[in-house]
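Worksheet: the structure to be examined is printed underneath.
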Amino acid sequence: MYAEISEILKGKMEGKQVSIRGWIFRQRSSGNLNFLVIRDATGRVQVAVKKDKVDEKSWKNASEVYIESSVTVVGEVKKDERAPGGWELQVSEFKTVYQGEPFPISKDLSEEFLLDVRHLWLRSRKLASIFKARHHLVNYLREYLDKEGFYETPPPMITKAECEGGSTLFEIEYFGDKAFLSQSGQLYQEALIFGLGKVYAFAPSFRAEKSRTIRHLAEYWHLEPEMAWYSQKDNMKLQEDLVEYAVQKFAKEHVDLLEELERDPKVLQKVKVPFLRMDYEDAVDKVNDLGGKMEQGEDFGTKDEALLTKELEKPLFIHNFPSKIKAFYMQDDPDKPGTVLASDMLAPEGHGEMIGGSERIWELPVLEKKMKEFGLGPKQMAWYVDLRKYGSVPHSGFGMGIERFVKWTLGLHHIRDTIPFPRTITRVYP
Ligand code: 4AD
Ligand code: MG
């Protein structure tokens, strides 16, 4: 039986003989004493190998292992204030499971190099903590939607539909025909609300983003709820409740991970509903007040959103965008002509957009007119238009970029660290 290192660090094994298995994290020797730090998926612990306390083989193993070699160790648990974590194993047996070659990540820590050896760098403390955190955050989002009566329904990844416009579509050859990698599962989720009421997709979306920024990926994970009978107001309420739930639960239950990532839980504790709300026009004025440069009618760029949210402590909804700069499926606001019943939720502290949502056009003539304005022929999306012919109902939905959400929640600088193998304009390897 092997103990997990976290069990030792909890202090319940003092004086006991235990076996652990893991990888060499650090190594230091002085004469007849070898200090090594072993890590497993749960933690790190120091082990002390004394030449006169182990057989020759163990001594040789402990002296020759490399960083990241895999090992098993037997020893007695001792309290030691000087050891990281406060505990040490006094080793009686040290086996090398796989010595391998010297680990290539040691001195060169340049960004490009670390991205080239991403498959190895995933073992780092930082990335391991991020992916544990991501797992919990995604679980809490799903948990909330499940409690609210949503069904998860998978959308296709290969499609003919241009959900978010042609400029970021990845085209693929499809048995002699052309198709696209999905930009969003939304249109398909809309078809599912008639049978299931409230649904969500959790799947990758693909964007041929030509821009190189700290928040764009070519492949990202997209959480897309779609709800029958929901107004845009109901939609925004759901979004803020969902985000509050996931962030609060995470801040409460994973203080350890936040500490590891140097993210102050107090910052997250302030993320309480209601979130902030601002009309599009006011938001443009605000960007200009803050030293940015925007015209009314323009869309916000990464820098504008950073300006708008830098000083905020909770997310900000921007609503009533001009219909011209938003997607074809969005319902006009009868109270403010020329604008749509849509909102973006921007994450605070300079992170910017993490959710885009809207009320959908649900009546046939309105949709046909709008599609024409957007130059969309009904042919490729006849099935979507069809949904408006039979018992159509008002409905709304939104899409959350999981990596954007994780980036903000964990206070990370670059989106690439929120996904194990990031795909960007300059990188598809490893
Ligand atoms: O605002 P977007 O383009 O909206 C849609 O795709 C809608 N069809 C969603 C819906 O209503 N079901 O994308 C939604 C979210 C953005 O707010 C952002 O968080 C994320 O997807 N996103 C990206 N994340 C990483 N890299 C990219 N290139 C992204 N593009 C969008
Ligand atoms: Mg958007």
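Points to keep in mind about this one:
Results for (1) in the same structural domain as residue 125 (by TED's automatic domain parsing); (2) more than 23 Å from residue 260 (Cα to Cα); (3) not charged (D, E, K, R), shown as yes or no for each residue.
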{"position": "14", "(1), (2), (3)": "no, yes, no"}
{"position": "26", "(1), (2), (3)": "no, no, no"}
{"position": "48", "(1), (2), (3)": "no, yes, yes"}
{"position": "57", "(1), (2), (3)": "no, yes, no"}
{"position": "66", "(1), (2), (3)": "no, yes, yes"}
{"position": "91", "(1), (2), (3)": "no, yes, yes"}
{"position": "111", "(1), (2), (3)": "no, no, no"}
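- Residues of region 313-328 that are in a loop (DSSP other than H, G, I, E, B) and over 20 Å from the mean Cα position of the chain (by Cα): 320, 321, 326, 327, 328.
- Residue check: residue 143 meets all listed conditions (1) among the charged types (D, E, K, R); (2) assigned to a helix (DSSP H, G or I); (3) within 19 Å of residue 217 (Cα to Cα) but one, namely (3).
- Criterion: assigned to a strand (DSSP E or B) and under 30 Å from residue 34 (Cβ atoms) - qualifying residue of 126, 78, 107: 78
- Taken over region 204-215, the residue count meeting the criterion of being touching a helix residue (DSSP H, G or I) at 6+ places or on another chain (Cβ under 7 Å) and under 19 Å from residue 163 (Cα atoms) is 3.
- For residue 104, the test of being in the same structural domain as residue 11 (by TED's automatic domain parsing), under 35 Å from the mean Cα position of the chain (by Cα) and surrounded by fewer than 16 Cβ atoms within 10 Å (Cβ to Cβ) is failed.
- The residue that is surrounded by the most Cβ atoms within 10 Å (Cβ to Cβ), among those in region 337-371 that are away from ligand 2 (no atom under 15 Å from the Cβ), touching a residue at least 24 places away in the same chain (Cβ under 8 Å) and part of a loop (DSSP other than H, G, I, E, B), is 361.
- Checked against the criterion of being within 13 Å of the chain's Cα centre (by Cα), assigned by TED's automatic domain parsing to the domain that holds residue 253 and not acidic (Asp, Glu), region 355-367 contains one or more residues that satisfy it.
- Scanning region 28-43 for residues that are out of contact with any helix residue (DSSP H, G or I) (no Cβ under 9 Å at 6 or more places or on another chain) and modelled with pLDDT of 95 or more turns up just one, 35.
- Test: residue 403 is closer than 30 Å to residue 267 by Cβ, within 11 Å of ligand 1 (Cβ to nearest atom) and at pLDDT 95 or above: yes
- Top-ranked residue in region 397-430 [being more than 16 Å from ligand 2 (Cβ to nearest atom) and charged (D, E, K, R); ranked as farthest from residue 134 (Cα to Cα)]: 427
- Positions within region 372-430 being over 20 Å from the mean Cα position of the chain (by Cα), among the basic types (Lys, Arg) and surrounded by 16 or more Cβ atoms within 10 Å (Cβ to Cβ), in sequence order: 388
- Qualifying positions in region 146-178 - more than 16 Å from ligand 2 (Cβ to nearest atom), under 24 Å from the mean Cα position of the chain (by Cα), among the charged types (D, E, K, R) and within 21 Å of residue 220 (Cα to Cα): 152
- For region 135-188, taking the residues that are within 16 Å of ligand 1 (Cβ to nearest atom) and among the aromatic types (Phe, Trp, Tyr), the one that is nearest to residue 370 (Cα to Cα) is identified as 188.
- Here the helices (runs of 4 or more DSSP H) wholly within region 226-306 that include at least 3 residues being within 23 Å of residue 359 (Cα to Cα) and over 21 Å from the mean Cα position of the chain (by Cα) are 232-253, 280-289.
- Condition check for residue 145: in contact with a helix residue (DSSP H, G or I) (Cβ under 6 Å, 6 or more places away or on another chain) and among the hydrophobic types (A, V, I, L, M, F, W, C): no
The values are calculated or read from the model by the stated rules, or taken from the named source; none is laboratory data. Just so it is clear, the structure is predicted and the values come from calculations on it, not from any experiment. Here the Cβ is made from the backbone with ideal geometry for all residues, glycine too, and neighbour counts use every protein chain on show.
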